[in-house]
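The values are calculated or read from the model by the stated rules, or taken from the named source; none is laboratory data. Nothing here was measured: the structure is a model prediction, and the numbers come from that model. Note that we place each Cβ from the backbone using ideal geometry, even for glycine, and neighbour counts take in every protein chain shown. With ligands, DNA and RNA removed, areas are computed over all heavy atoms of the protein, side chains included. Shrake-Rupley method; radii C 1.70, N 1.55, O 1.52, S 1.80 Å.
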Amino acid sequence: MKRSVYYIGVRDLIESTLRSGSLDNSFFSPNRAVEGTHYHQKIQMSVGSNYRSEVPLSHRFVLRQHSIDIEMRGKADGVFETDEGAVIDEIKVLFGDARRVSRDTFPNHWHQAMCYAFMWASAEKLQQIAIQLTYYFPDTKRTRRIKDFFTMEELTDFVKPLVERYAERLAFCERWRAQRDASIRELDFPYPSFHKGQKELLDRVFASVRDRRTLFAQAPTGIGKTLATIFPAIRALGEGYGEKVFYLTSKTSTQMVAESTFDLLRERGLKAKITVITAKDKVCFKETALCEPYYCEYADGHFDRVDAAIEALLPEKKINRSLIEDTAREYRVCPYELTLDLALLSDIILCDYNYAFDPRVFLKRFFLSAGDYIFLIDEAHNLVDRARDMFSAEIGLQQVETLCEAFQTADLEVYDATRGVGQRLRERESALEKRTDGPKAQTDLPKELIKDMNTFLKAAEKWLETHYRSPLARPLIDLYFLASAFVKTGESFDEKFRVYDEATPEGFRTKLFCLDPSTLLLEFLKKGRSAVFFSATLLPLDYFVRLFGGDENAERLTIPSPFPSENLCLLVNPGVSTFYRNRSSSYEKIVESIEALARSKKGNFLVFFPSHQYLQQVYESFAIKNPDIDCIAQKSRMRESERQDFIEAFCEDREQTLVGFAVMGGIFGEGIDLRGDRLSGAVIVGIGHPQICLEREIIKEYFAQTLETGYEYAYVYPGMIKVMQAAGRVIRSPEDRGVVLLIDERFRYPSYQSLFPPEWSHARKVSSCSSLSQILKAFWK
Ligand code: SF4
């Protein structure tokens, strides 16, 4: 039987088998060891010439009972010879007081060094070896060395059980993988036939994963795209093309659809472990996610109990939020950290986009280096703006000044550093006020501001080392993370970024704005083997390919709608101008059009507007004029229960007609599924262009210069995607029949009509309410 070889780094081995103690995300606790290659080099260069730095070591263990080999690997910081024999040197850089470090302060440092010592002693056939822990304290420039001797027997007794423990887990995973792959080989497509276009998508997804390619798929509603992407990705896993599937979504509703698709496949025999990652602040048991042992009993001693919690969950196939929460409470561990540990052992991970792409929160367990990962990116049209947000950073003057004031009497160094950042922002603010032509985008990185922020970061770190439990620590940490994101974003800053200053109602801010996320997205995609971007509104496809880092050779797929076109009565009323300046004269005509639709059939209808204000005006006029029709309107902030009530109002057995007023691109503009008589028609008022603002103007200018598509990229395409999403609420199944009425003069412009999806080719123009009523009457007959 072929033996598998696994490789494990020393640090990973220690972390996965010898974890103990508490979670301490304070990041500033005095126990924090910092990565500091330059400090390491400094120490390595300061010792004698017989000191060998960065010595690569390895040792292979043959584990016959598990039929696997494990190769332990690592790099010793230093190896040198003395009269007493060989010494392994392990260098650690720490903040704080050197006197508080004794031999037993950091057992893990010894554990790590013992693994290196074992490898060196085995290779050199030594019976005894010395270990030296070298602690360097950069703030005081002090060095402290602690030395001890170990026999080969002691080292073997320490290392071997760790490897055994690790091997047991690996063997479990191997057995599990064999079962999983066997189940995948047996797994049939769960339905007797495919929807129109579904098989094509499925085959292309499989080929892209197999061939390590990226696919951009415009896949309309009704072809079963969730299954058509998940099924081939799982198939590919079973055939050895990939290690894990990441199903990435931007909304809980799409995540739930994916979850139920996995459930369906499991019912049909699939054996795969699935973990759903819920955001930390949602799953946290405490009021705030302040992950420190003195505040949170789940953080306190978390590592002492987490392995038992993992063991308890290992037999489970689907690990969702409620199961995680129950287990985390039972074992008194942090539910979020438990989820992340379980994700490591899972085949499929369902999570938000930001866990893969956001440089601030991406899953370091997976994406610090590349893996054989398959990315399925659902509702990918949402990733454009999400990616811009994830790759941008900003800093606000008000927050800086509030903190500065708080530190005036607390700490002079932090106060000075914060004041430095505040003054720099003030200078930028007054420069902005002096401009007569308003705020402008700049192409140069604000180096002075970043320099001030670095000074602030250092002062904050130093203070937090000793005061991290002070009430002032939280606001300081908040600003620390903002400043650190700003500085980090500055490192990626290139011609695809702009800097801008802006006076907002919340005060002045400076922002590093990523207007073209293509390069950074591509960097993240390189961490996997294949990616599939898919959505019902990935139109125009070239726009998305360009912004997601594809090129002219990118794999593209456009699938036509599977629904009979005669089931959709698509009407365009171009006789109304919805431009901002013309809105007040449009209300009456829009109300009349809604009336014509709502009175053409007893049913439920949705009307979408480009803004809340516009919605409110028309809603009030309509409701006053039509007391016999039920009306509900989306509010600008709705609680979860209010959203639910809104959706549930669209039931099939209502006594009288219902008209719901909603905003395009909002919570009801996509991701809701009102099949059959739950929704008979939709009116779409206007194009849904994003509001004119500085950022949009910056995007416009940039793409006008680089691609000559400025207005389209900034306004037209994002607006039309909202229109298509809203219209897509009406026909959800082959049996659905319904009406979509587009109201705006621009819908007759060729530049907008060219963006209509192919299934809208039968759109009819209506010029009056009477002709609208006649057409509707004929359609419902
Ligand atoms: S329960 Fe909340 S506060 Fe406690 S460790 Fe987990 S995320 Fe942090």
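Structural remarks
- One quarter of the surface of the convex hull around the alpha-carbon atoms of the chain equals 38.1 nm², the direction-averaged projected area.
- Euclidean distance between Cα centres, segment 140-160 to segment 614-632, Å: 77
- Segment 649-773 - Kirkwood radius from inverse mean 1/r over Cα pairs (Å): 16.2
- For segment 250-330: relative contact order, % (alpha-carbon pairs under 8 angstrom, 6 or more apart): 34
- Over 26 Å [Cα-Cα, segment 392-514], rounded percent: 20
- The antiparallel fraction among DSSP beta bridges confined to segment 4-168 stands at about 70%.
- For the pair segment 307-364 and segment 483-517, the centres of their Cα atoms are 33 angstrom apart.
- Within straight-line cross-link reach of Lys317, lysines at Cα separation under 25 Å, skipping those fewer than 8 residues along the same chain: Lys225, Lys244, Lys251, Lys271, Lys273, Lys280, Lys282, Lys364
- Cα Rg, Dmax, segment 510-575, angstrom units: 17.1, 52
- Against the chain, whose longest principal axis comes from its Cα atoms, helix 107-124 is set at around 60 degrees.
- Anchor Lys765: aspartates and glutamates whose Cα lies under 17 Å away (excluding residues fewer than 8 positions away in-chain): Glu566, Glu592, Asp744, Glu745
- What segment 587-637 shows is 47 Å² of accessible area per residue, with the surface traced by a 1.4 Å probe over protein heavy atoms.
- When Glu267, Glu413 are compared by accessible area at a 1.4 angstrom probe, the order from most to least is Glu267, Glu413.
- Rolling a 1.4 angstrom probe over the chain with all protein chains present gives an accessible area of which 48% lies on carbon and sulfur atoms.
- The heavy atoms of Ser636 present about 90 square angstrom of accessible area, all protein chains included, probe 1.4 Å.
- A Förster radius of 45 Å, combined with the Cβ-Cβ distance separating Arg654 from Glu267, puts the computed FRET efficiency at roughly 0.85.
- Residues whose placed amide H lies under 5 Å from that of Ser535, excluding near-sequence neighbours: Ala217, Ala219, Ala380
- Ranked from largest, the principal axis spans of the Cα set of segment 98-230 equal 71, 39, 25 Å.
- Protection proxy ranking of 113-120, 331-338, by the mean of other Cβ atoms within 10 Å over each peptide's residues and highest first, is 113-120, 331-338.
- Close lysine pairs were tallied over segment 365-496: pairs 8 or more places apart or on different chains with Cα atoms under 30 Å apart number 18.
- Convex hull volume of the Cα atoms of segment 565-780, normalised per residue: 126 Å³.
- Considering only beta bridges that DSSP places wholly inside the chain, some 40 percent are antiparallel.
- Inverting the pair-averaged 1/r between distinct Cα atoms of segment 558-614 gives 13.9 Å as its Kirkwood hydrodynamic radius.
- For the pair Glu640 and Thr409 in one chain, pulling the backbone fully straight at 0.36 nm per residue adds 78.8 nm over the alpha carbon distance.
- Shape category assigned to segment 305-388 from the gyration tensor of Cα positions, a/c cut at 1.5: prolate
- Mean shadow area of segment 439-495 over all directions, Cα convex hull, nm²: 4.7
- The slack in the chain from Lys42 to Arg365, taken as 0.36 nm per residue of separation less the alpha-carbon distance, amounts to 113.4 nm.
- Segment 439-537 - accessible surface per residue (Å², probe 1.4 Å): 42
- Rounded to the nearest whole angstrom, the semi-axes of the ellipsoid equivalent to segment 4-168, taken from the Cα gyration tensor as √(5λ), stand at 27, 20, 14, largest first.
- Its Cα gyration tensor gives segment 588-665 an equivalent ellipsoid. The semi-axes, each the square root of 5 times an eigenvalue, are 19, 17, 10 Å from largest down.
- Expressed in units of 2.2 N^0.38 Å, where N is the residue count, the Cα radius of gyration of segment 719-781 is 1.18.
- Segments 749-756, 341-348 sorted - mean Cβ within 10 Å per residue, highest first: 341-348, 749-756
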